[in-house]
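The values are calculated or read from the model by the stated rules, or taken from the named source; none is laboratory data. Since this is a predicted model, take the numbers as computed values, not measurements. Note that each Cβ is placed from the backbone with ideal geometry, even for glycine, and that neighbours are counted across all protein chains shown. Ligands, DNA and RNA are stripped out before the accessible areas are found, and what is left, the full protein with its side chains, is counted by its heavy atoms. Shrake-Rupley method; radii C 1.70, N 1.55, O 1.52, S 1.80 Å.
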Amino acid sequence: MEPTNAPPAHVAIVMDGNGRWAASRLLPRIVGHKRGIDGLKRIVKACVVRKIQVLTVFAFSSENWNRPADEVSGLMDLMAMALSKEVAQLQQEGVRLYFVGNRAGLSPAIRAGLEQAEARTASNTTLVLNVCFNYGGKWDIANAAAQLAAQGMAITEESMEGAMALSHCAEPDLIIRTGGEHRLSNFLLWQAAYAELYFSPVLWPDFDDAALDAALLEYAVRERRYGKTSAQIHGSFKRAKV
Ligand code: FPP
């Protein structure tokens, strides 16, 4: 089929499958998460090469606190490690970092690290990387509504969009979930309204450039109708018979 869509400007990813990747090798789950960070670095580079403007990834959900305590603390340690070791490279690649989520639940050290990384990369323009951390779509919607209410502002689609965590970028064009599950798991619930959804069976640590290209290829031939009919999209209206 001929491609009909321009490449997506904004790709969002649920990076699922780290635990199963590790378990299938009889390794601790945290090793899968470490490989997940390597995978993320690879996909950031791939997005830069493909001129994608915004990449949004789900790194830690509001619900991930319910995992075993050692996995939660391991993920927090990985975030602290990534903040100290990976930001310089992202800076070189021209990546602007945003951390999206409820910072109130995070340790002061991690909060400070997130703020420093955002400040350090604030003038970069090659790729926006939104890392959703302690994020939930329901939290985002409720938080935006609460902010508007506190300011006495009317709640409209437009005012909500201005108050939400991803108000600095356009909505995602393509949401990819790796790891074979077919659900959003509280990711970008509002912003997913007209995103194309793509589910890959590949576990996140194995999700490479070729797997990304398969998703982009499928996106290219999807018909994005935004509530219209196919005929309207193609400009081929037929006069109704009388
Ligand atoms: C889902 O896989 C993945 C996560 C909950 C964490 C994603 C994190 C990374 C890719 C690393 C980057 C993160 C930080 C903290 C910088 P899963 O554990 O649910 O896998 P499973 O479904 O196979 O169990």
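If exposed means no more than 15 neighbouring beta carbons inside 10 Å and the site is in a DSSP loop, what's the longest run of the chain without any exposed chymotrypsin sites (Phe, Trp or Tyr not before Pro)?
Details: sites that count: TYR194, TYR226, PHE237.
Excluding the exposed sites themselves, the longest stretch runs over 1-193.
Once whole DSSP H runs in the chain are found, which of them have Cα atoms spread over 15 Å or more along the helix axis and a mean Kyte-Doolittle score of at least 0.5? Walk me through the intermediate numbers first.
Numbers: long enough: 29-49 (30 Å, 0.25); 69-85 (24 Å, 0.61); 108-120 (18 Å, -0.46); 137-150 (20 Å, 0.24); 209-221 (19 Å, 0.98).
Span-like helices, by this rule, are 69-85, 209-221.
Once label points are set 7 Å from the Cα along Cα→Cβ at both LEU27 and ALA150, what is their separation, rounded to one decimal in nm?
4.2
Using a 10 Å Cβ count of at most 13 others and DSSP loop calls, identify the longest part of the chain lacking such trypsin sites (Lys or Arg not before Pro).
52-182
Please calculate how many Å² of accessible area the chain carries per residue, with a 1.4 Å probe and no DNA, RNA or ligand atoms counted.
Accessible surface, normalised per residue, equals 53 Å².
Which GluC sites (Glu not before Pro) in the range 138-242 sit in a loop by DSSP (not H, G, I, E or B) and have at most 15 other Cβ atoms within 10 Å of their own Cβ?
Of the GluC sites (Glu not before Pro), the ones in loops of the range 138-242 whose Cβ has at most 15 other Cβ atoms within 10 Å are GLU181, GLU223.
Got a number for carbon plus sulfur as a percent of the chain's accessible area, 1.4 Å probe?
The C+S portion of the solvent-accessible surface of the chain is 55 percent.
Go ahead and estimate [θ] at 222 nm for the chain from helices alone: -39,500 (n - 2.57) per DSSP H run with n ≥ 4, summed, over the residue count, rounded to 500.
-13000 deg cm²/dmol
Please state the charge dipole magnitude for the range 150-242, taken about the Cα centre, from unit charges on C-beta atoms (+1 on K and R, -1 on D and E), reported in debye and rounded to the nearest 20.
Roughly 820 debye for the range 150-242.
Given all pairs of different Cα atoms, what value in angstroms does the Kirkwood hydrodynamic radius of the chain take? Walk me through the numbers before you get to the answer.
Working: mean 1/r = 0.0521 Å⁻¹.
Value: 19.2 Å, from the Cα pair sum.
At 0.36 nm per residue, and after removing the present C-alpha to C-alpha distance, how many nm does the segment from VAL72 to ASN5 gain when stretched out fully?
Residue separation times 0.36 nm, minus the Cα-Cα distance, leaves 20.2 nm.
Taking the alpha-carbon centroid of each part, what is the distance from the range 20-40 to the range 145-177 in angstrom?
Spelled out, the Cα-based centre of one part sits 34 Å from the other.
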